[in-house]
Amino acid sequence: MRSNRMAWILTKGQIPPGQKVLHSCDNPPCVNPRHLFLGSDLDNALDRNRKGRQARGERQGAAKLTEDGVREIRRAVEAGESQRAIARRLGVVQAQVSAYTSESLETRRVVKTRPRVRPQIRKSRRGWRYFYQPTPNTRVTE
């Protein structure tokens, strides 16, 4: 059992089924009961996104382009260079060049009009994972 769960049980009682013990201080080893609160997996994901701890754009580990690279793609497309030639020069696939020419500027940003995404927990080859499905009221902005 994790120390934060034990701290919650010792100070505040049992943890209801389906609830997690979350940290308001974002320090996983913290066991201060004033820094702990109960929430679901959805609450945990929304808290992570609200605090900006979700890697996006360049910070995301699989990113192949920087914001400058995306700007370069846009300038080259406007100058008439083919997407295939741009992709070859930058070491990406043509579909990625196409995606960045048709969507918002530096990175693809999703703006919250109501709930941004609806996480679904499903089993994958690597275990249980969150899969985010855009909600109908999600829009892409510049």
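Every number in this text was worked out from the coordinates using simple rules, so none of it is lab data. Predicted, not measured: the structure shown is a model, and the values here were computed from it. Cβ placement follows ideal geometry from the backbone for every residue including glycine, while neighbour counts extend to all protein chains displayed.
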Inset, instruction - Hey, could you check the stretch 47-57 for residues that are assigned to a helix (DSSP H, G or I) and touching a residue at least 24 places away in the same chain (Cβ under 8 Å) and say which is surrounded by the fewest Cβ atoms within 10 Å (Cβ to Cβ)? - result: Gly57
Inset, instruction - Considering only the stretch 72-96, state which residues are among the hydrophobic types (A, V, I, L, M, F, W, C) and out of contact with any helix residue (DSSP H, G or I) (no Cβ under 9 Å at 6 or more places or on another chain). - result: Ala79
Legend entry - Of all residues in the stretch 4-36 being farther than 18 Å from Asp47 by Cα and hydrophobic (A, V, I, L, M, F, W, C), the one that is surrounded by the fewest Cβ atoms within 10 Å (Cβ to Cβ): Leu10
